[in-house]
Amino acid sequence: MKIFVCIKQVPDTETKIKILPDQSGIDPTGIKWVMNPYDEYAVEEAIKFKEKNAGAQVWAITSGPKARAVEALRTALAMGADEAIVINAPENIDAYLTAKGLAAAIKAEGGAHLIFTGKLAIDNNQSSVPQMVAEFLEMPHTSVVSKIEATPENVTVERDVEGGSKEIVQMMTPALITANKGLNMPRYASLPGIMKAKKKVIKEIEFSSLGIAANEQKIKYTGYTLPAEKPAVKLLTGDVASQVTQLITALRDEAKVL
């Protein structure tokens, strides 16, 4: 059984982001890149499935500039994934082309018994690639999963819905599942695992070799801007009565909400 985990490399949340001069995206120079946090839950769940099912193998796969994207794959390998594939793709392809490329590569490897992904990537927040991968591979899928009971034949999941409610979904395999925070506690990579991951050969696939036309892209990104700077915090001084007066004045004259 091949278990695939689709992961993405994203900017660390502490990284200082700069916008390209033409506002077509972010400037990758100097950015610290990490595995998408939600994908860590997906990797952990895939490894847990492998540990319970003899003969299962976990393949981590990502799409992006291979010069840096392989580092996210090495993190997955250090955690316990068996093999890894990088699709060397341009930085600016959209979710549709990303999903089509991932699906094509997985299909070329003989398909998957299960596919795990994070529920979304924290950079674009689109939550669209996993569902499209499943549709391209014609397999059932469900998202925002916080509990899983999987067997080789089927998988039963508990997913979060609005209002704090839960849904129970049962699917026959092959199937795709997107992981939510709380599904598990991702393991730390051990030192032996890190050393083995450094020596592991990562399979490379050129995006151009997948037979996908560049003009199939559905979205063109423009007009990137940084959020407005937050105003400085204003501290109120004096006794309680004085602070109340200052607060009312600020709300009425500055914030203009009274």
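Checking the conditions here, which among 69, 134, 81 is within 16 Å of the chain's Cα centre (by Cα), under 22 Å from residue 155 (Cα atoms), of a type outside the set (D, E, K, R) and not in a strand (DSSP E or B)?
So the residue among 69, 134, 81 that is within 16 Å of the chain's Cα centre (by Cα), under 22 Å from residue 155 (Cα atoms), of a type outside the set (D, E, K, R) and not in a strand (DSSP E or B) is 134.
Among the residues of region 102-114, which ones are over 28 Å from residue 23 (Cβ atoms) and either not small (Gly, Ala, Ser) or not assigned by TED's automatic domain parsing to the domain that holds residue 202 (or both)?
106, 107, 109, 113, 114
Criterion first (in contact with a Cys (Cβ under 7 Å, 6 or more places away or on another chain) and not small (Gly, Ala, Ser)) does residue 70 satisfy it?
no
Filter region 28-48 down to the residues that are free of Cβ contacts under 8 Å to residues at least 60 places away in the same chain and surrounded by fewer than 23 Cβ atoms within 10 Å (Cβ to Cβ) and list them by number.
Answer for region 28-48, where residues must be free of Cβ contacts under 8 Å to residues at least 60 places away in the same chain and surrounded by fewer than 23 Cβ atoms within 10 Å (Cβ to Cβ): 29, 30, 31, 32, 33, 34.
Those residues that are of a type outside the set (A, V, I, L, M, F, W, C) and assigned to a loop (DSSP other than H, G, I, E, B), I need them from region 187-206; list them, please.
187, 188, 190, 200
Across region 235-258, what is the total count of residues that are surrounded by 10 or more Cβ atoms within 10 Å (Cβ to Cβ), in a loop (DSSP other than H, G, I, E, B) and not aliphatic (A, V, I, L, M)?
Residues meeting the conditions: 1.
Would a scan of region 92-101 turn up a residue that is assigned by TED's automatic domain parsing to the domain that holds residue 148, within 23 Å of residue 198 (Cβ to Cβ) and touching a helix residue (DSSP H, G or I) at 6+ places or on another chain (Cβ under 8 Å)?
no
Can you tell me which of 202, 219 is over 20 Å from residue 67 (Cβ atoms) and touching a residue at least 40 places away in the same chain (Cβ under 8 Å)?
Sole residue among the options that is over 20 Å from residue 67 (Cβ atoms) and touching a residue at least 40 places away in the same chain (Cβ under 8 Å): 219.
Which of the numbered conditions does residue 209 fail, given that it passes all the others? Conditions: (1) farther than 30 Å from residue 22 by Cα; (2) modelled with pLDDT of 85 or more; (3) assigned to a helix (DSSP H, G or I).
So residue 209 meets the others, but not (1).
Of all the strands (runs of 3 or more DSSP E) wholly in region 140-186, which have at least 3 residues that are more than 17 Å from residue 128 (Cβ to Cβ)?
141-150, 154-160, 166-172
In region 95-126, what residues are over 14 Å from residue 212 (Cα atoms) and buried (at least 17 other Cβ atoms within 10 Å of the Cβ)?
Hits for region 95-126 are 106, 112, 113, 114, 115, 116, 117, 118, 119, 120, 121.
Based on this model, can you work out whether residue 179 counts as within 25 Å of residue 91 (Cα to Cα), within 20 Å of the chain's Cα centre (by Cα) and in the same structural domain as residue 143 (by TED's automatic domain parsing)?
yes
Condition test on residue 225, is it of a type in the set (S, T, N, Q), surrounded by fewer than 10 Cβ atoms within 10 Å (Cβ to Cβ) and either assigned to a helix (DSSP H, G or I) or out of contact with any Lys or Arg (no Cβ under 6 Å at 6 or more places or on another chain) (or both)?
Yes, satisfied.
Going through region 138-165 one residue at a time, which ones are farther than 17 Å from residue 39 by Cβ and in contact (Cβ under 8 Å) with a residue 40 or more places away in the chain?
Within region 138-165, 150, 152, 155 qualify.
Only one of 222, 249, 237 is outside the structural domain of residue 6 (by TED's automatic domain parsing) and within 30 Å of residue 97 (Cα to Cα). Can you tell me which?
222
The values are calculated or read from the model by the stated rules, or taken from the named source; none is laboratory data. This one's a predicted model, so the numbers in the text were calculated from it and none came from an experiment. With ideal geometry, Cβ positions are generated from the backbone for all residues, glycine too; neighbour counts draw on all protein chains shown.
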